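Below is one structure, written out as structure tokens; comments come after it.
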Amino acid sequence: MDLKKKIREIPDFPKEGILFYDITTLLKDAEGFKRVIDKIGSFYEDEGVQKVVAMESRGFIFGAPVAYRLGAGFVPVRKPGKLPSDVYEARYELEYGSDSLAIHQDAITPGEKVLIVDDLIATGGTVAATVQLIKKLGGSICGIAFLIELTGLRGRNKLDGYNVISVVSY
């Protein structure tokens, strides 16, 4: 199955010059969605993953079922002000400005094996901030998985030394 054919490309969204990869067309396809979850899960099934961490919001769509498939806990990383207990935050740079992510301080126990899952890697800022948060909690990152990798933006370069996979690349 060619998963790229299940992802709709929308030019000039959300602004002119941007080619948007719409994953809703993949998500509504039961076999395509299952294929993505199984592919990510099978790649890490022998790693002893204890927690799957995913970033708000589309990362949750893939992270939670991968956690279920691996028999692991699920940890959401959210925008500031969205988590109800004590958090750690990490700032990251955007194309124009900066943003932050937060994780509960008790989400990961030192030494736990963690898999990070997100829908897309572009410049790598979001995932690099998530790596910082997991390291602050003492987690051991055994892998980082994405549905889509935009290779021309070289976000993978920020993840040197980690076991990184992407299901499809553009």
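Taken together, the values in this text are just the output of simple stated rules run on the coordinates, not laboratory data. Not measured: the values here are computed from a predicted model. Quick reminder, even Gly has a Cβ in these numbers, built from the backbone with ideal geometry, and neighbours come from all protein chains shown.
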With a point put 7 Å past each Cα toward its Cβ, work out how far residue 140 is from residue 158 in nm, to one decimal.
2.6 nm
Rounded to the nearest 500, what is the 222 nm mean residue ellipticity of the chain from helices alone, with -39500 (n - 2.57) per DSSP H run of 4+ residues and division by all residues?
-8000 deg cm²/dmol
Fully extended contour minus Cα-Cα distance, from residue 5 to residue 170, at 0.36 nm per residue
58.2 nm
Integer Hz, Karplus 6.51/-1.76/1.60 couplings in order for the range 43-51, x for Gly and Pro
5, 10, 5, 9, 8, x, 4, 9, 9
For the chain, what relative contact order do you get, as a whole percent, if you take Cα pairs closer than 8 Å and at least 6 residues apart?
18 percent
Which value, in Å³ per residue, describes the convex hull spanned by the Cα atoms of the range 47-169?
96 Å³
